Amino acid sequence: MVAVEVENRSGIEVEEDAAVALARKVLTEEGIDDGELGLHFVGPDEMQALKRDHLGVDEVTDVLSFPIDEREELGAGPPRQLGDAVLCPQVVGEAWRRPLVHGVLHLLGYDHGPEMERREEQWSD
């Protein structure tokens with residue numbers, strides 16, 4: 001099972017258990033059954049600083065992904081270090097599922113486009 005470390009620095013309550021369950025569901029459906037994922041909830045100021053510092057765009061956003069291990073084959077080695085998905089609850093509000101799926105898919109190497117959109121719709125209902 002994928003280990004998910006959750007950290008909530010957003011200042012508001014989030015559905016942590018549901019978010020972890022959804023992230024694990026997406027990963028399992030994508031063939032990832034072992035690894036480590038960080039799931040972070042941050043406030044708008046922190047999210048804006050992250051986007052500015054890492055993407056050069058000074059604006060708040062709903063989700064950012066920071067992949068660590070881009071190996072295509074997991075092999076028999078140690079668990080895959082997937083990276084971190086960072087969500088801003090104040091931006092996503094009640095509609096957090098699709099941005100979470102979006103962030104996890106980016107960690108798996110998906111880029112924006114029809115295939116990512118299809119998967120987002122599949123798992124965020």
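The values are calculated or read from the model by the stated rules, or taken from the named source; none is laboratory data. Predicted model, so just to flag it, every value in this text is computed and none were measured. As a convention, Cβ positions derive from the backbone with ideal geometry for all residues, glycine included, and neighbour counts pool all protein chains shown.
Some notes on this structure:
- Residue pairs meeting the criteria (Cβ under 7 Å; at least 6 apart or on separate chains; first surrounded by fewer than 16 Cβ atoms within 10 Å (Cβ to Cβ), in the range 43-61; second acidic (Asp, Glu)): ARG52/ASP58
- Residue check for ALA23: among the small types (Gly, Ala, Ser) and in contact (Cβ under 8 Å) with a residue 40 or more places away in the chain: yes
- Scan of the range 100-120 for residues that are in a helix (DSSP H, G or I) and without any contact (Cβ under 8 Å) to a residue 12 or more places away in the chain, ordered by number: PRO114, GLU115, GLU117, ARG118
- Within the range 9-42, considering residues that are assigned to a helix (DSSP H, G or I) and of a type in the set (Val, Ile, Thr), the one nearest to ARG80 (Cα to Cα): THR28
- Close pairs (7 angstrom Cβ cut-off, 6 or more residues apart or separate chains): closer than 15 Å to GLU120 by Cα in the range 82-99, modelled with pLDDT under 90 and in a helix (DSSP H, G or I) anywhere: ARG98/GLU120
- Of all residues in the range 86-98, those satisfying the criterion of being modelled with pLDDT of 95 or more and either under 19 Å from ARG119 (Cα atoms) or in contact with a His (Cβ under 9 Å, 6 or more places away or on another chain) (or both) are VAL86, LEU87.
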